[in-house]
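The values are calculated or read from the model by the stated rules, or taken from the named source; none is laboratory data. The model shown is predicted, which means the values in this text are computed figures rather than measured ones. All Cβ positions, glycine included, derive from the backbone under ideal geometry; neighbour counts span all protein chains shown.
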Amino acid sequence: MGRFYEFFAGGGMARAGLGPGWSCLLSNDIDPKKGASYARNWGASELRLEDVGELRAADMPETADLAWASFPCQDLSLAGTGAGLRGERSGTFWPFWNLMKALDDEDRAPPMIVLENVCGALTSHGGKDFAAIGAAIADAGYRFGALVIDAVDFVPQSRPRLFIVAVGKDYPIPDGLTQPASDEQWHTGALVEAHDRLSKRARDSWLWWRLPLPPKRNTVFADLIEEKPKGVPWHTAAETRKLLDMMSPVNKAKVQAAKKAGRRMVGAIYKRTRSDGNGGKMQRAEIRFDDIAGCLRTPAGGSSRQTIMLVDGNKVRSRLLSPREAARLMGLPDDYELPENYNEAYHLAGDGVVVPVVRHIAENILEPMLAAIASAEKEAA
């Protein structure tokens, strides 16, 4: 069907979402641990394990139809340092983009480019980062638009992400793939405001992509929970009691309501520092029973590891989220091989892109574009 380059590839979740109809020409990541997982699941023949800034056009085989780049988000995330595109990690966008320009100099620019990042990319440095990306895309001769897609529509995890989809200006866009204005489903207020802050040249190159709604999700958080998890033990009764004791009356009431729900309920627990009412601070355990997990994050510290509480009638148990459960929340199949080390497995999942979200974009934008490009090239031959 199509051929692609995958940058900042991690464990290959974009590849998983594109599916077997797409052929990978090159995958790139700098992290050897992620590279080992990529190789275990996809093989190492296309993998280049090095800094994207060290790659040259000569390292890129053939001509790809698509370049996918989930460039590091830490400096753009609300949980990150706020350094924006000047940050050491998110600053890797520019070496990637220089590589795209080098391919263009050889008449090998990919017709389509997808950039994925956190929604903070829309507002970092007052929108200047997004404007800089937009200017770079437009100056390179691409039309582009952006979508904010929350993975909760596909998997039981709250995970909104920004997807910028760019298409070479000389390629036809089939009817129905774009629309004349934004819509509330995929174009948030922050995205519309970011669009309005773009340069005139970038706005002139802008597309409002149209996406259909996905089928209604038929899974809840509890469906993904393992009875006998690998890599994490269930807490002792005393440890579970300690968590309950850390809860405010409001959160304890949520647990009591879950006991009466008539079905197995799984709550996600977050530890927060709250006022103790006497001018001091105390750590509280706060729980949500809305059938979805909070956004997976990389385990830089203990607070980013999700703790779950399973309530089944009067039976209450707790533990950390398991690596396989984290992978399931990212839409990875159970035959995907995870690292043995807990932190490595959790990091791999927390740093990735949700697989069915990629599939939805591929099915409804990338693959129709691919067919249109192939048809236009056939007519021109």
Exercise. Could you please give the count of residues in segment 204-243 that are in contact (Cβ under 8 Å) with a residue 40 or more places away in the chain, surrounded by 11 or more Cβ atoms within 10 Å (Cβ to Cβ) and assigned to a helix (DSSP H, G or I)?
Key: 7
Quiz item: Any chance segment 70-87 includes a residue that's within 27 Å of residue 350 (Cβ to Cβ), modelled with pLDDT of 95 or more and buried (at least 20 other Cβ atoms within 10 Å of the Cβ)?
Solution: no
Practice problem: Starting from segment 311-327, take each residue that is at positive phi and touching a residue at least 24 places away in the same chain (Cβ under 8 Å) and list its partners that are part of a helix (DSSP H, G or I) and not charged (D, E, K, R), counting only C-beta distances under 8 angstrom and pairs at least six apart or across chains. | Solution: none
Quiz prompt | Conditions (1) more than 19 Å from the chain's Cα centre (by Cα); (2) farther than 30 Å from residue 209 by Cα: number failed by residue 379 | solution = (2)
Exercise. Please state which of the following conditions residue 254 fails to meet, knowing it meets all the rest: (1) over 23 Å from residue 151 (Cα atoms); (2) surrounded by 13 or more Cβ atoms within 10 Å (Cβ to Cβ); (3) modelled with pLDDT under 95.
Key: (3)
Quiz item: Out of 141, 189, which single residue is without any contact (Cβ under 8 Å) to a residue 40 or more places away in the chain, surrounded by fewer than 22 Cβ atoms within 10 Å (Cβ to Cβ) and touching an Asp or Glu at 6+ places or on another chain (Cβ under 8 Å)?
Solution: 141
Self-check item: Counted residues, segment 270-290 - those being in contact with a strand residue (DSSP E or B) (Cβ under 8 Å, 6 or more places away or on another chain) and either surrounded by fewer than 20 Cβ atoms within 10 Å (Cβ to Cβ) or free of Cβ contacts under 8 Å to residues at least 40 places away in the same chain (or both)
Solution: 14
Quiz item: When only residues in segment 106-121 that are modelled with pLDDT of 95 or more and within 15 Å of residue 137 (Cβ to Cβ) count, which is farthest from the chain's Cα centre (by Cα)?
Solution: 109
